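This report refers to the structure that appears directly beneath it.
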Protein chains: 4
Amino acid sequence: MNRNLGIAVIGAGYWGPNLVRNFGGSPGWDLRTVCDLDLDRARKVAGPHVAVTDSVERVLDDPDIDAVAIATPARTHRGLALDALRAGKHVLVEKPLADSVAGGRAMVDLAEREGLVLMTDHTYCYTPAVQKMRDLVVSGELGQVHFVDSVRINLGLIQPDIDVLWDLAPHDLAILDFVLPGGLPTAGIGATGADPIGAGRACVGHLTLPLPDDGLAHVHVNWLSPTKIRQMVIGGSRRTLVWDDLNPQQRLSVFDRGVDLARTSVAGSDRAASTVSYRLGDTWSPALPEREALGSMVGEFAAAIREGRQALTDGRSGLRVLEVLEQASRRLAEQAVPVGPPPVPRQATERVLEVSR
Amino acid sequence: MNRNLGIAVIGAGYWGPNLVRNFGGSPGWDLRTVCDLDLDRARKVAGPHVAVTDSVERVLDDPDIDAVAIATPARTHRGLALDALRAGKHVLVEKPLADSVAGGRAMVDLAEREGLVLMTDHTYCYTPAVQKMRDLVVSGELGQVHFVDSVRINLGLIQPDIDVLWDLAPHDLAILDFVLPGGLPTAGIGATGADPIGAGRACVGHLTLPLPDDGLAHVHVNWLSPTKIRQMVIGGSRRTLVWDDLNPQQRLSVFDRGVDLARTSVAGSDRAASTVSYRLGDTWSPALPEREALGSMVGEFAAAIREGRQALTDGRSGLRVLEVLEQASRRLAEQAVPVGPPPVPRQATERVLEVSR
Amino acid sequence: MNRNLGIAVIGAGYWGPNLVRNFGGSPGWDLRTVCDLDLDRARKVAGPHVAVTDSVERVLDDPDIDAVAIATPARTHRGLALDALRAGKHVLVEKPLADSVAGGRAMVDLAEREGLVLMTDHTYCYTPAVQKMRDLVVSGELGQVHFVDSVRINLGLIQPDIDVLWDLAPHDLAILDFVLPGGLPTAGIGATGADPIGAGRACVGHLTLPLPDDGLAHVHVNWLSPTKIRQMVIGGSRRTLVWDDLNPQQRLSVFDRGVDLARTSVAGSDRAASTVSYRLGDTWSPALPEREALGSMVGEFAAAIREGRQALTDGRSGLRVLEVLEQASRRLAEQAVPVGPPPVPRQATERVLEVSR
Amino acid sequence: MNRNLGIAVIGAGYWGPNLVRNFGGSPGWDLRTVCDLDLDRARKVAGPHVAVTDSVERVLDDPDIDAVAIATPARTHRGLALDALRAGKHVLVEKPLADSVAGGRAMVDLAEREGLVLMTDHTYCYTPAVQKMRDLVVSGELGQVHFVDSVRINLGLIQPDIDVLWDLAPHDLAILDFVLPGGLPTAGIGATGADPIGAGRACVGHLTLPLPDDGLAHVHVNWLSPTKIRQMVIGGSRRTLVWDDLNPQQRLSVFDRGVDLARTSVAGSDRAASTVSYRLGDTWSPALPEREALGSMVGEFAAAIREGRQALTDGRSGLRVLEVLEQASRRLAEQAVPVGPPPVPRQATERVLEVSR
């Protein structure tokens, strides 16, 4: 297969233009069509050289289109993706994969039956920093992962339909799924949250995920923090990594510092004692290439299709994220974190805030 | 009562010398005796002008001694304090108040029956930063407390007998008890932890405490972090405060930034909608006086005795801290966080670490 | 004059597109023409609704054009500006105003003779942070300015034709001219520099400017620093301001900290002694509006024309910056900082660097 | 020589107690005498086991005393040191070596004639961070030193008798002397300063020192800054080092980032062009041992005596620092930075400030 792959982008709203720009500029792809119910918006995003349509059927019927990228509201992902898979198209879906585990599972099952690529657009996983994090974990540089502490807080836009866990935690969970050797743990999820301002949904959230061999991951998301933090610490048995996404001068730091524990037998006894020692070694901050994450992501989508393999962030990874979020929602419901009518966002202040983010 | 109060310090180990120095230098106190089973140690700490003894009885029999300060291991607090109270002495106890809620409650009850002051040495509460934090909450400057996020992590000494929650969280809990209008919440405590290195006790811990009116406090303590953070965020309905204890140049910041929600009635409907707006105001960092916390603490002990009132950090505050810790331990036990034989600390590396803290 | 002002942008290279975008989007301006010798480039920048030309004469002959914005290489500013002024057009010039004091002075003189607005595009002066800095100085909030310390360093592109002082210091000098009550001091300039890598021009530079009443301003610019700093401290008799342009969370801080000196007469003597005292007050970080600087700048250009007054950053301010730079170059020449053939920039690595800035 | 060396400390004021403590605790030294005109002060500092005297003669006559450490006011260093050297004692002098170049030179000359060790107590040079900096320069890890930028500013105590350059810059200069391969450059020193508050001496100072091969060092000292910075950047041809003395978590960083310039011949021409390229490599932060600088310093004093060699920070290094300071004072005098009657420090506020430093 020497020709480029044909792609259509469905949905020209918030995220679609980014996909259009990256598929349009990628050497392996021919961007054929932009599809949106609002044809004017589609035209504006598509530019002069790309076809537009408001008909998904026409897209799915087009034999020159090998794959579709879905950037529509989450509740429509399932229907669109199933239709596209039935039409024999490979599918890329903006995160979250679907709005429920059931929906996501149906998509994953169908894609596997049809032998098609289903990929979740976990964009963060294609940033140079997160790619490096994965390398460091996979290569054993960090050793066994002991704990993860992920913080993603700022004065955020209160979303009209989802809580802070569904809004922000998918980023952290997708990254965890990407970097942890066994992928995202989905059993034994703990969660708590609060809605102290009466927004009708949790504005502060804490997630705990048990890791293999007695490790623990914790995710803190918060819409009410006056300061903005995006940081993840991955503590390993050999080294510990700190990712500070808002520090362009030192985004990743690898600390050769930690606690070591050696089991020793106690003389004249069958008891085993442990000896604690402390490593206080160097810190190292690897240089990271400058590369747009979305460009790498669309490249991976093409490579997965050509090589007939799962994408790095495949449908199953999107599904694991949904499984954790659904369990978290159940934990919150058990604690009766209040759910009420959605607030009406005031547009002007939103725009101010958007700029200041 | 114009004369100074007479004080004895019991225990000349780790914390005792600090108490001796501060009682010795305080205008309202006469330091009369230092008591330790190891008389040499007592002498070294007491200096040439203060009596020493290895007999608690002699201390309690001394009519010139109005109060005792107990700086012995936690498991001995209960017995010593009850004896002292029975002897009519006011009592200051190093934190934690006791090693169990039952012990702490016995102490509180006896002190109240006898009309004596029982005070917990929650030293942090007497730092200028925490005093200012209390002022800001109590004066209503922050408004209603919506959330608290407290982080106390570093490459810490694995304690031989207690887990990371009992080692580090008492600081956070004592501060919360001090600054929150209703004191520390003790119901509905959530906790999780992990012992990824096999130390036989949790080395990573997370605590959640429900606050009144749908608020939430979270405490993260960790012995395995390569970086050291001591930070507390108190998010209020009017302003949000950030305490960064390791930033001497800007220890406290008060942000006039936040999310406001106004309920409005929807025209022609009996539904109520909410309007979200965002405050993006100034930040203010109050100057803090330079003052040794222990000096203020021994002053408060004297004042409480003279004025016949409860101390700011009284026995009940120490008891609330124990109640939270015991609940947390139960949560961890339910999750089977492993408990095993204590490690044997290697002295040399400990000393290195101590210096580097 | 109720109609909008007509503007032409001359030069569609690096900076021109920003001017086109802002004049095109400003309510007070009609963008009529984009002029560039490369008509294709002009067309691309102008978009479908704006005329393009490669003839400056045609621009200057057009009666619907009230003003021109010049964004061409510095050595062409003088000729273009003088022609435009002679044609009765108001003129905005990208910084630096000209490539020599003589050139700048000719422009200023002609504009004043013709009664036309000549404005220098000192964009930084229209950022919310610098506007606030000016307010704080002008209102007396800082008191008398005692010292200024400005640092602008990073791993910078070695410019092919100018040294680091001419490349980076114009920003600092323009800001100083804008915020200091008497404008930029131009007498007694000290400068030193170094070309340690043999680039043929200074890559490290230090400027000192005496301020009124024994104050001192210092500017440090550096192309060789591995870290990026853009910071200015303005120390006043009442308060001190720190501007950290790379800290979006706290760009401006105002410290009520400083040294006060009171002169007192010495009893029984005609000597006067001084008493030193220290203020250790609060720090305050004002919220800054989000606003594009270039938008404010084109608004000021329109307002100056309509009100028949000098612009805030007028030709004279651009001229003062040139006067300081020329003196600095003389100081460097006296110290024989080597000047040689310009290096040939390697395009690929430049692009990498550009992204990483 | 197997026995310990005998030492006397002359001067029990501000710095003397630190010397007493370190000589007293050092395995190679026997602390024999503390000498101070104020015998009470001497006794308090000496403790019960060390002799005290108010007579320098007695110290110099004591055959068990091999060396003296002088911690008296700078103007007395010359006389005391010359007497001690004449009496055959090795001499350690608190910085500055003397209050003038002439004084320092007399001391250096006599020590060399007598074959005795004369050492300057440049304490900073014995900190683990500065030792590592020296290693990195000496080993060639940084390559050729291109530039140095040293900043030492804070809200400082206005000294009653010396200006900010003499107060703070000796630290920077001593460090430069220690780490630069050729020692401190002493020719072509530039300096400027200001006394904006009328303190009668410069409160803000800038020093420039030409480095070999077109490099440049700059030192900025300031008593009026509301923020405290102690930072030194050493830019090399291979790597650049940043020392941030107030960041205990990452005191030293080594950046593999920089600008490289390769000279290439231009084809068909006898001109040589240069090609600029940029390195954007990793950052590395070496772990530093925890070690008291003064302990290492007294160890070096003993080693130099035993091995009959110059100390690392010998008299000549102290002399070079004086040479730079005297030249700087001349530069300031040429610029008529005002010099007037010394201010009278107000004790109470000073103490507050001392604590807050």
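Before moving on, here are some points about what is shown:
- Charged-residue dipole, Cβ positions (Lys, Arg, Asp, Glu), the range D:37-159 about Cα centre, Debye nearest 20: 320
- Within the protein assembly as shown, percent of DSSP bridges classed antiparallel, to nearest 5: 60
- Buried accessible area, chains C and D (both chains, 1.4 Å probe, Å² to nearest 100): 4800
- Sorted shortest first, the separations between the C:Gly295 label point and its copies elsewhere in the assembly read 2.9, 5.3, 6.1 nm; each point sits 7 Å from Cα along the Cα-to-Cβ line.
- Classified by the C-alpha gyration tensor, the range B:5-116 has a prolate form. Its axis ratio a/c, with a ≥ b ≥ c, is 1.5 or above, and a/b is larger than b/c.
- Mean Cα-pair separation over length for the range D:1-76, i.e. relative contact order, pairs under 8 Å, 6 or more apart, %: 39
- All Cα pairs of the protein assembly as shown, percent lying beyond 66 Å: 16
- Residue pairs, from the table A:Lys228/C:Lys132; A:Lys228/B:Lys95; A:Lys228/C:Lys228; B:Lys44/D:Lys44; B:Lys228/C:Lys132, whose Cα atoms sit over 25 Å apart: A:Lys228/B:Lys95; B:Lys228/C:Lys132
- Dipole magnitude for chain D: about 460 debye, using +1 per Lys or Arg Cβ and -1 per Asp or Glu Cβ, origin at the Cα centre.
- Within a Gaussian network of chain A (alpha carbon springs, distance under 10 Å), most fluctuating of A:Val108, A:Val34, A:Val204: A:Val204
- Rel. contact order, % - alpha carbon contacts under 8 angstrom, at least six apart, chain D: 18
- Pseudo-label separations to other copies for C:Pro73 - Cα-to-Cβ vector, 7 Å, nm: 5.6, 6.4, 8.2
- Comparing each chain alone with all protein chains together (probe 1.4 Å, DNA, RNA and ligands left out), the residues of the range C:130-151 losing at least 10 Å² of accessible area are C:His146, C:Phe147, C:Asp149.
- Accessible-area order (highest first, 1.4 angstrom probe) of the listed residues A:Asp109, A:Asp167: A:Asp109, A:Asp167
- Sorted largest first, extent of chain B alpha carbons per principal axis (Å): 81, 53, 40
- Under 5 Å, built H, 5+ apart or other chain: amide partners of A:Leu92: A:Val68, A:Ala69, A:Ile70, A:Met119
- Karplus-derived 3J(HN,Hα), 6.51/-1.76/1.60, for each residue of the range B:44-55, Hz, glycine and proline x: 4, 6, 6, x, x, 9, 10, 5, 10, 7, 10, 10
- Ligands, DNA and RNA are left out, and with a 1.4 angstrom probe the accessible area of the range B:125-290 is 32 Å² per residue.
- Using R0 = 25 Å, the C-beta based FRET efficiency linking D:Ser55 and D:Asp30 works out to 0.80.
- Within the range A:169-201, the residues that become at least 20 Å² less accessible when every protein chain is included than when their own chain is isolated (1.4 Å probe; DNA, RNA and ligands ignored) are A:Thr192, A:Ala194, A:Pro196, A:Ile197, A:Gly198.
- Surface composition of chain C: carbon plus sulfur atoms contribute 49% of the solvent-accessible area (1.4 Å probe, protein chains only, all chains present).
- Highest mobility in the GNM of chain B, judged by mean-square fluctuation with C-alpha springs under 10 Å and restricted to B:Ala111, B:Ala12, B:Ala102, is found for B:Ala102.
- Other protein chain Cβ atoms within 10 Å, averaged over every residue that makes up D:249-258: 5
- Chain D residue with Cβ closest to the axis mapping D onto A, distance in whole Å: D:Trp284, 3
- Residue list for the range C:216-241, given a label point 7 angstrom along the Cα-to-Cβ vector of C:Asp256 and an amide N cut-off under 12 Å: C:239-240
- Couplings 3J(HN,Hα) for the range C:120-136, derived from phi with the Karplus relation 6.51 cos²θ - 1.76 cosθ + 1.60 (θ = phi - 60°), are 9, 7, 8, 4, 3, 5, 9, 6, x, 5, 6, 4, 5, 4, 4, 4, 5 Hz, where x marks Gly and Pro.
- Using the Cβ-Cβ distance between D:Asp109 and A:Asp282 with R0 set to 45 Å, the FRET efficiency works out to roughly 0.50.
- Chain B: antiparallel DSSP beta bridges as a percent of all, rounded to 5: 60
- Accessible surface, the range B:8-97, averaged per residue in Å² (probe 1.4 Å): 46
- About its Cα centre, the dipole of the protein assembly as shown is roughly 0 debye, where the only charges are +1 on Lys and Arg Cβ and -1 on Asp and Glu Cβ.
- Ranking D:Trp15, D:Trp243 from most to least accessible surface, computed with a 1.4 Å probe over the protein chains only, gives D:Trp15, D:Trp243.
- Each stretch of four or more DSSP H residues adds -39500 (n - 2.57); spread over every residue of chain B, this sum gives -10500 deg cm²/dmol at 222 nm.
- Other copies of D:Asp260: label-to-label distances in nm, shortest first, labels 7 Å along the beta-carbon direction: 3.6, 5.7, 5.8
The values are calculated or read from the model by the stated rules, or taken from the named source; none is laboratory data. Given the structure is predicted, the values throughout are model-derived calculations rather than measurements. As a convention, Cβ positions derive from the backbone with ideal geometry for all residues, glycine included, and neighbour counts pool all protein chains shown. Areas reflect the complete protein model, heavy atoms only, side chains present, ligands, DNA and RNA absent. Shrake-Rupley method; radii C 1.70, N 1.55, O 1.52, S 1.80 Å.
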